[in-house]
1. Looking at segment 284-437, what % of the alpha carbon pairs are farther apart than 28 Å?
2. So if I average 1/r over every pair of distinct C-alpha atoms in segment 108-266 and take the inverse, what Kirkwood radius in Å does that give?
3. May I ask for the equivalent-ellipsoid semi-axes of segment 279-368, computed as the square root of five times each C-alpha gyration tensor eigenvalue and listed largest first in whole Å?
4. Quote to one decimal, in nm, the extra length available between residue 30 and residue 747 on full extension: 0.36 nm per residue of separation minus the C-alpha distance between them.
5. Out of the total accessible area of segment 249-386 (probe 1.4 Å, heavy atoms of protein only), what percent is carbon and sulfur?
6. With unit charges on the beta carbon (Lys/Arg positive, Asp/Glu negative), name the residue among 586, 490, 571 whose Cα is farthest towards the positive pole of the charge dipole of segment 490-635.
7. Apply the Karplus curve 6.51 cos²θ - 1.76 cosθ + 1.60, θ = phi - 60°, to the phi angles in segment 618-630 and return the couplings in whole Hz, x for Gly and Pro.
8. How much length, in nm to one decimal, is gained on full extension between residue 242 and residue 649, taken as 0.36 nm per residue of separation minus their Cα-Cα distance?
Amino acid sequence: MISAGYSLGISPRFLGVLCLSAVSAGLCPAQVRFNRDIVPIVADTCFRCHGPDKGSRMAGMRLDIREEALKPTADGTIPIVPGDPEKSGIIQRIFATNARVMPPPYIHKELTQAQKETMRRWVAEGAKYEGHWAYQPIERPALPVPAENPIDAFIEDRLAREGLKPSPEADRRTLLRRVTLDLTGLPPTPEEVSAFLKDSSPDAYEKVVDRLLISPRYAEQQAIHWLDAVRYADTCGFHGDNAFPAWPYRDYVLHAFRDNKPFDEFTREQLAGDLLPSPTIEQRVASAYNRLNRTSAEGGIQPKEYLAKYAADRVRTTVAVWMGSTLGCAECHDHKFDPFTQRDFYSMKAFFADIKETGLVPDRGPKAWGSVLAIPTPEQASRQESLKSQLEAARERLADRMKSLAAGRAEWEKQLLARFQAGDLAWKEQRPLTAQSAHGALLKIYNDEPVDFTNYDGSNLTSSRGPGNGLVVAGGPNPDTEIYTVTFRPGAGVWKALEIEVVQDESLPGIRVARGADRLVISEVEAEMAGRPIRFSQATANTNTSNAPPEYPPIAAIDGDVKTGWAMATYNDVSKAALALRLAEPLETDAGSLVTLRLRQESEFRRATLGRFRVALSAAADSWPSAEPGKEIPERVSKALAKAEGDRNDAERKAIDDHFRWASAEAQPDLVAVEKLEMESGLLDASIERTLVTEATEPTETRILARGNWMDETGAVVTPAIPAFLGKLTPDGPRATRLDLANWLVSPTNPLTARVFANRMWRQFFGTGITKTLDDLGSQGEWPTHPELLDWL
């Protein structure tokens with residue numbers, strides 16, 4: 001039921017004929033109608049004080065229900081006396097010329113003389129009330145006059161009653177332009193115009209419409225309108241407004257219109273695709289509708305406040321899109337114009353209480369966006385399976401290798417602790433001689449002289465200053481990619497590891513370490529001495545796993561591919577981050593030896609380049625990249641080693657196991673094989689598209705919030721329910737679900753959804769809806785110009 005034309009019962013011929021004319025005003029109707037003539041007056045001027053909201057009702061007078069309006073008030077006044085306007089309190093007050101006039105001047109709502117006379121006439125005719133037109137059951141009306149097309153019958157009948165005649169049919173060129181613009185949003189091509197003008201067959205126009213309805217442009221045009229209605233966006237909206245992985249939902253909508261998906265399926269899949277039996281990927285993608293609300297990743301937010309925002313957004317959007325109602329007005333109090341209560345708002349909110357979400361929605365890292373669905377291509381899925389098998393085999397080989405080394409584990413622990421305590425694992429900071437860039441950045445070396453930039457003193461991020469200790473600082477031009485080349489003389493020694501310390505500084509815009517991006521990426525590390533390359537065999541870093549994305553592991557910095565690399569992507573939780581590289585063979589230097597080090601930073605991320613760094617060497621191959629004296633092995637390992645074997649807990653034993661695997665020279669080939677496969681797997685995984693989806697969990701408690709105050713948890717607990725005046729759901733289980741809500745929205749018992757959608761379609765093709773207020777079919781909306789036609793559609 002999505003497509004226009006055939007799906008809504010509108011003939012292709014009729015779609016091209018813009019026959020709506022402005023409705024003539026001022027002609028006196030045969031009888032005053034409550035919905036058509038009275039509600040537009042009293043809803044705007046009277047209901048705020050004498051309507052559905054008991055909290056703002058004054059003088060004990062209620063005018064939206066006839067039985068209430070006929071009751072005397074506390075002072076004996078009868079608001080309405082049917083058939084006798086002069087004895088009716090509301091007529092007396094609206095015609096008053098003194099301070100008793102209604103509406104009172106302070107609300108700035110003044111009735112015109114014509115509106116007053118309409119009210120008087122209505123009371124004189126018996127003050128007949130009607131249920132609000134949009135809430136009445138839909139029944140297909142009989143055709144008022146014979147016509148070739150049923151829709152034309154309603155239009156022609158109204159035109160005849162208004163004394164008007166239909167406009168003549170447009171010429172063929174105009175007709176083609178109109179229908180093409182309506183259905184595709186684009187004008188016809190010269191070739192299409194020529195072909196249509198030459199086609200003299202009786203069904204030439206129908207053939208054009210058929211062609212347009214199967215055009216991809218038609219689906220795109222229709223999708224635009226739906227995506228606007230459901231507040232689709234490619235960014236998260238709040239605070240940083242970062243990218244939002246929702247485009248597969250956009251494509252789902254596009255394909256739904258392209259394939260003319262039935263509207264009831266379209267509704268169920270969006271609201272409850274995850275709750276359908278054995279949901280398909282498409283249905284799960286559709287459930288992203290529930291996640292399209294604005295979200296925040298700002299660290300200072302109150303999670304409960306934002307969860308309340310997210311839930312309220314879903315209620316407002318769902319009810320506006322499917323029900324054309326302003327239930328959002330009842331978030332803080334009963335609706336002042338329509339029969340929605342505050343309980344109705346929170347009962348509707350309770351339908352969405354099972355959506356798994358957090359108030360702070362991270363937008364990066366392994367937990368980014370919460371519930372997401374990977375959508376690999378067939379080729380990616382096949383490659384994933386292959387890598388999974390290879391990785392399992394490689395891990396088994398590594399495990400077997402470690403079992404073979406288990407006998408020497410106790411001796412290794414003893415020696416490691418002794419070497420650590422003796423300082424044999426210490427890093428020796430280097431004093432660079434030169435530091436240059438390839439693309440324009442200015443590198444300045446601070447050896448023993450004081451550092452002269454703010455917020456750094458060599459050990460912590462305060463404003464005091466201290467010696468540089470070999471610090472290299474990048475400044476000046478900030479190109480997208482860069483290569484830093486540093487030279488230094490290590491002095492006499494035999495070196496087995498090289499370290500790059502990433503120095504943090506609050507003045508750097510990229511997570512305190514990079515010059516511009518939201519991450520730092522070192523694509524490749526290269527070194528040479530006396531014209532001979534210095535090769536590396538292993539790499540590790542002291543950053544945590546959330547800080548280092550799996551597709552950018554340390555080993556990627558020495559794999560010979562500048563398109564990969566080691567990265568830091570979130571704020572680091574260690575005081576000094578460092579990358580340590582194990583040399584493939586010991587490097588022997590004398591007093592005059594000169595080492596050249598190149599740091600390639602050529603990733604796809606712009607300005608993901610180092611802001612400040614140091615270089616160090618170690619005579620031990622297994623020195624940990626601590627970048628701090630006395631921490632040349634992980635602190636968790638040193639503390640565990642200080643304990644007797646029997647006193648260690650599981651976490652401590654695992655810490656030693658992990659370090660033993662990394663430090664054992666015999667395990668390096670197997671470990672590197674695992675790390676390279678993990679890197680390849682991570683790169684593949686990162687290339688797979690993902691989308692937000694809805695994941696159901698145990699429903700949270702939903703309470704009525706006094707005046708919408710999220711901190712007030714004293715309100716009554718509510719369960720999922722539709723607005724009470726529209727009926728009651730009978731769910732299969734103990735609690736109504738989003739699927740129950742979706743089924744009700746598209747059921748014949750719901751009078752709103754079909755009217756709302758038909759009205760939106762009319763607005764799209766004719767410029768103005770049958771009722772102009774697309775999102776408010778309540779008493780504040782406009783009476784439809786052709787109510788019978790709307791119900792017939």
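The values are calculated or read from the model by the stated rules, or taken from the named source; none is laboratory data. Please read all numbers here as calculations on a predicted model, not as lab measurements. Here the Cβ is made from the backbone with ideal geometry for all residues, glycine too, and neighbour counts use every protein chain on show. These accessible areas exclude ligands, DNA and RNA; they are computed on the full protein's heavy atoms, side chains included. Shrake-Rupley method; radii C 1.70, N 1.55, O 1.52, S 1.80 Å.
1. More than 28 Å apart: 59 percent of the Cα pairs in segment 284-437.
2. Values: mean 1/r = 0.0471 Å⁻¹.
That comes to 21.2 Å for segment 108-266.
3. Details: eigenvalues 137, 63, 19 Å².
For segment 279-368, the semi-axes come out at 26, 18, 10 Å.
4. 254.6 nm
5. Working: 2870 of 5440 Å².
That fraction is 53 percent.
6. Ranked along the dipole, the leading option is 571.
7. 9, 7, 10, 5, 9, 5, 7, x, 8, 6, 9, x, x
8. Values: separation 407, 0.36 × 407 = 146.52 nm, distance 4.16 nm.
Stretched out fully, the residue 242 to residue 649 stretch lengthens by 142.4 nm.
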